[in-house]
Amino acid sequence: MPGERFPLKKQIAYACGNIGWSIMTNIVLVMGQYFYLPPANSGLTQFIPQVLVFGFISIMSLIVSSGRVIDAVVDPYIASLSDKSTHTKGRRIPFMKWTILPAVIFCSLIFFPVAKGESLHNAYWLTFMLIGFFMSATAYIIPYNALLPEVTDTAAEKVKLSSFQQAGFVIGIIISSLVNNYADLVQDFFHVANRDSAVQYTIWGLCILAGLIMLIPVLAIDETKYVLSKKPSHLPVFQAIRKTFSQRNFKYYLISDFSFYTGLSIISTGLLYFITVLLRLKESMGGLLMLVMVLLSLAFYPLINYLSRKYGKKPIVLFSFALLSLIFAMIYFLGRLPISPIAQVYLLGCLAAFPLASLGILPNAILAEIAEKDSKETGENHEGMFFAVKYLFVKLGQTFGGALFAFLAVYGKDVGHDFGLRLNGVCGFALCILAFTFFTKFRETKTQA
């Protein structure tokens, strides 16, 4: 686009950051519970006992929740430090630089339990490794996302850069969703007999790859050159948080985002269970489903950019929530539909492609506009805090979704005993309807194209 001060090659370098952290985050989301609490037909060892605390809370729910909640509490402090930074290299890139190595180490160690077989020691280990990983990843993600409104000027530029960003994210999803396929190759080519070991070696290699990719924007982008002069924020943490909630649209944005990410967490956590238990297919089909879904979603990117310019972002987001609710309803009936299991996989992937694309691109562009509007109205530059509060709600949603899945799994997660898995479809349907309802109250304003 003529006149952009952030050139195309820098936009691509920026998108690479999303590829890296998406790989690691989605490995944890997709493989975390499946690795520690696998279904009986997976060939993996169960490392955590499936017991209930207080008679109704599963131990895995507590682990997932504690890791995410502690991380979420830290988010605003990281954002505040970034917003207030007076570093000569900028407010964002220096933070990103020093968080990559800890994220790689903690993500790798998540999948190396300290005890062989079921043990509470593995539960303690997983809890602390999750906390370490999520805090490290957050210290990269929040400054990274805060760059978006700072290097773009118009609404169209924000949507375009957000499209590159989301493309990076879905590439990360593709890479991470094929863990079991890579593990098959490790077993075949390197003659690794133990399935647990094959998965562990695969994840360690992917984490190193992700860390190297996360370095690309750090090395390629000179923040002082492409970010217009921004005064560091001087607001204390809690006052800055209160300021973000003074924006009416931001409240409805957050509620919808929370509901969406809760539902998305259910899908991410349950994907391999839906494939292997409800459809009774090989776990490698999970990677194929993701591949179909994300490649098709990429094809929708130009259409979403065009439609958002012509009709605005709100109608597209509402349509996507409605379509996603139907997808969740379909999950309840997986394995019972009058078509083959393979056809059900492809149908699910094709239907999910459009909402995956639109709800990946548009929300960040919308939030960038909200943060920019607030900056102009208040004279305070705390873009990082807006994204921190967003990711606070994202993580609470992911925590609730993961915990809900683990809780419902108690009521059936194996072939012939799968009612708990099917209930996740019902819960996801209700969450999407909730997101749709609240986003109808969002007031979209015409912005400069």
Extent along principal axes [Cα atoms of the stretch 175-230; Å; largest to smallest]: 57, 17, 14
The answer for SER58, listing residues at least 5 apart or on another chain whose modeled amide H is closer than 5 Å to its amide H, is VAL53
In units of 2.2 N^0.38 Å, the Cα radius of gyration of the stretch 302-427 is 1.36
Using a 1.4 angstrom probe with every protein chain in place, what is the largest-first accessible-area order of MET129, MET135? MET135, MET129
Centroid-to-centroid separation of the stretch 159-218 and the stretch 344-370 [C-alpha atoms, Å]: 21 Å
Radius of gyration and maximum dimension Dmax of the chain, Cα, Å: 21.1, 63
Might you tell me the accessible area per residue for the stretch 305-449, computed with a 1.4 Å probe and given in Å²? 40 Å²
Suppose every K and R has +1 on its Cβ and every D and E has -1 on its Cβ; what is the size of the dipole of the chain about the Cα centre, in Debye to the nearest 20? 1020 debye
Which value results for Rg/Rh of the stretch 115-178 when Rg is the Cα radius of gyration and Rh the Kirkwood radius based on the inverse mean 1/r? 1.20
At a probe radius of 1.4 Å, what is the per-residue accessible area of CYS107, in Å² to the nearest 10? 0 Å²
Using eta = 1.306 mPa s and T = 10 °C, Stokes-Einstein with Kirkwood Rh from Cα pairs puts D for the stretch 1-130, in µm² s⁻¹, at 91 µm²/s
Would you please give the FRET efficiency between ALA115 and ALA299, computed as 1/(1 + (r/R0)^6) with r the Cβ-Cβ distance and R0 = 35 Å, to the nearest 0.05? 0.15
What distance in nm separates the simple spin-label points at LEU8 and HIS87, each placed 7 Å from Cα in the Cβ direction? 3.0 nm
Please list, or write none, the lysines whose alpha carbon is within less than 20 Å of the alpha carbon of LYS376, excluding same-chain residues fewer than 8 places away. LYS84, LYS158, LYS230, LYS231, LYS243, LYS251, LYS390, LYS446
GLU283, GLU118, ranked by accessible area, largest first (probe 1.4 Å): GLU118, GLU283
Would you check the accessible area of LYS84, probe 1.4 Å, heavy atoms only, in square angstrom rounded to 10? 80 Å²
Placed amide H near ASN41: partners under 5 Å, 5+ positions off or other chain: none
Mind pulling up the Rg/Rh value for the stretch 217-376? Radius of gyration and Kirkwood radius, both on Cα. 1.07
Over the chain, with every protein chain in place, what whole percent of the accessible area is carbon and sulfur at 1.4 Å, could you tell me? 70 percent
With every protein chain left in place, what is the accessible area of ILE59 in Å² (1.4 Å probe, nearest 10)? 20 Å²
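The values are calculated or read from the model by the stated rules, or taken from the named source; none is laboratory data. Nothing here was measured: the structure is a model prediction, and the numbers come from that model. We place every Cβ from the backbone using ideal geometry, glycine too, and count neighbours over all the protein chains shown. The area values use the complete protein model at the heavy-atom level, side chains included, leaving out ligands, DNA and RNA. Shrake-Rupley method; radii C 1.70, N 1.55, O 1.52, S 1.80 Å.
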